[in-house]
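Chemist: Provided herewith is a single structure, encoded as structure tokens, for subsequent inquiry.
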Amino acid sequence: MREYNMVTPTYIMKFEALQPQRHHYNFEAADNFVAMAKANHMQVRGHNLVWHHSVP
């Protein structure tokens, strides 16, 4: 991780991953990803929140 200072999640911050069921949210994977980035002094760049294949 010495060569990079920014990371972009591919799926874990998409709507379907954050809300796997109606009225049920799960931010655990996203929180872990951000914690890993912070621990390594990296920025997190968000990706598409809404993607046509991942809208519940």
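Chemist: Inside the range 13-34, can you point out the residues that are modelled with pLDDT of 90 or more, within 14 Å of residue 45 (Cα to Cα) and of a type outside the set (Phe, Trp, Tyr)?
Modeler: Selection gives 30, 31, 34.
Chemist: Here's something else I'd like to know. Filter the range 12-52 for residues that are in contact (Cβ under 8 Å) with a residue 24 or more places away in the chain, part of a loop (DSSP other than H, G, I, E, B) and surrounded by 14 or more Cβ atoms within 10 Å (Cβ to Cβ) and give the result.
Modeler: Those that are in contact (Cβ under 8 Å) with a residue 24 or more places away in the chain, part of a loop (DSSP other than H, G, I, E, B) and surrounded by 14 or more Cβ atoms within 10 Å (Cβ to Cβ): 13, 14, 19, 42.
The values are calculated or read from the model by the stated rules, or taken from the named source; none is laboratory data. Since the model is a prediction, treat every value here as computed from it, not as a measurement. Cβ atoms come from the backbone with ideal geometry, glycine included; neighbour counts cover every protein chain shown.
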